[in-house]
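The values are calculated or read from the model by the stated rules, or taken from the named source; none is laboratory data. Keep in mind the model is a prediction, meaning the values are calculated, not measured. Cβ: placed from backbone, ideal geometry, glycine included. Neighbour counts: every protein chain shown.
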Ligand SMILES: Nc1ncnc2c1ncn2[C@@H]1O[C@H](COP(=O)(O)OP(=O)(O)O)[C@@H](O)[C@H]1O
Ligand SMILES: [Mg+2]
């Protein structure tokens with residue numbers, strides 16, 4: 001059976017620095033929910049910026065507009081019994097809280113990793129290095145703000161946990177909140193980030209050509 005008329009919609013709102021693990025964990029969670037025959041949509045920051053928010057830049061105003069659009073769509077999905085997974089940096093607390101108020105069934109997951117950790121180990125294109133050297137401007141976490149959530153439903157420390165460990169803490173939290181019956185991992189096959197949603201180079205607004 002694939003139709004779950006009783007499925008309650010909710011939004012899992014990932015927030016965190018570029019490279020902190022949002023897309024990786026959202027994609028793994030997506031597969032877990034699909035393995036439960038649940039209806040789920042993934043709104044990755046980059047895909048949104050190529051479509052729904054095409055043309056928007058990275059000023060505070062444009063970033064807020066982008067996040068409000070994601071919140072708007074997540075709300076449409078949620079109220080129709082779909083699970084929406086969003087993974088945009090969403091650096092500003094106020095607009096995240098606005099989305100929380102709109103959507104109601106809202107699980108904020110803060111993927112935590114320091115700039116130092118990401119710059120040292122997760123910066124294949126050297127964007128953090130360039131931003132730290134002042135060669136590129138307006139980079140979240142360097143010379144553009146990132147406001148960490150004050151009371152998210154969950155903080156995942158992606159510096160000390162493996163992706164599978166983080167995924168398990170998310171599943172456990174969703175079960176504790178009553179959104180999942182069972183938090184055991186079910187998805188088969190490759191569960192680690194496929195790379196398909198790893199388009200964070202464009203999400204920051206600092207795309208290297210061809211990147
Ligand atoms: N516990 C963890 N959770 C998520 N990602 C992790 C974790 N530990 C290490 N990583 C690595 O961190 C990187 C996160 O990249 P990505 O998910 O694209 O970040 P974002 O979408 O936040 O920009 C990946 O290379 C991933 O393998
Ligand atoms: Mg991403």
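Below is a table of values for the structure above.
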{"item": "Index of the failed condition, residue 92 passing every other in (1) over 24 Å from residue 160 (Cβ atoms); (2) within 11 Å of ligand 2 (Cβ to nearest atom)", "result": "(2)"}
{"item": "Sole residue being within 16 Å of ligand 2 (Cβ to nearest atom) and either out of contact with any strand residue (DSSP E or B) (no Cβ under 8 Å at 6 or more places or on another chain) or touching a residue at least 12 places away in the same chain (Cβ under 8 Å) (or both), chosen from 57, 16", "result": "16"}
{"item": "When residues of segment 134-166 are limited to those that are in contact (Cβ under 8 Å) with a residue 24 or more places away in the chain and farther than 27 Å from residue 97 by Cβ, the one nearest to ligand 2 (Cβ to nearest atom)", "result": "163"}
{"item": "The one condition in (1) in a helix (DSSP H, G or I); (2) over 17 Å from the mean Cα position of the chain (by Cα); (3) surrounded by 13 or more Cβ atoms within 10 Å (Cβ to Cβ) that residue 118 fails to fulfil", "result": "(2)"}
{"item": "Hey, residue 11 modelled with pLDDT of 95 or more, touching a strand residue (DSSP E or B) at 6+ places or on another chain (Cβ under 9 Å) and away from ligand 2 (no atom under 16 Å from the Cβ) or not", "result": "yes"}
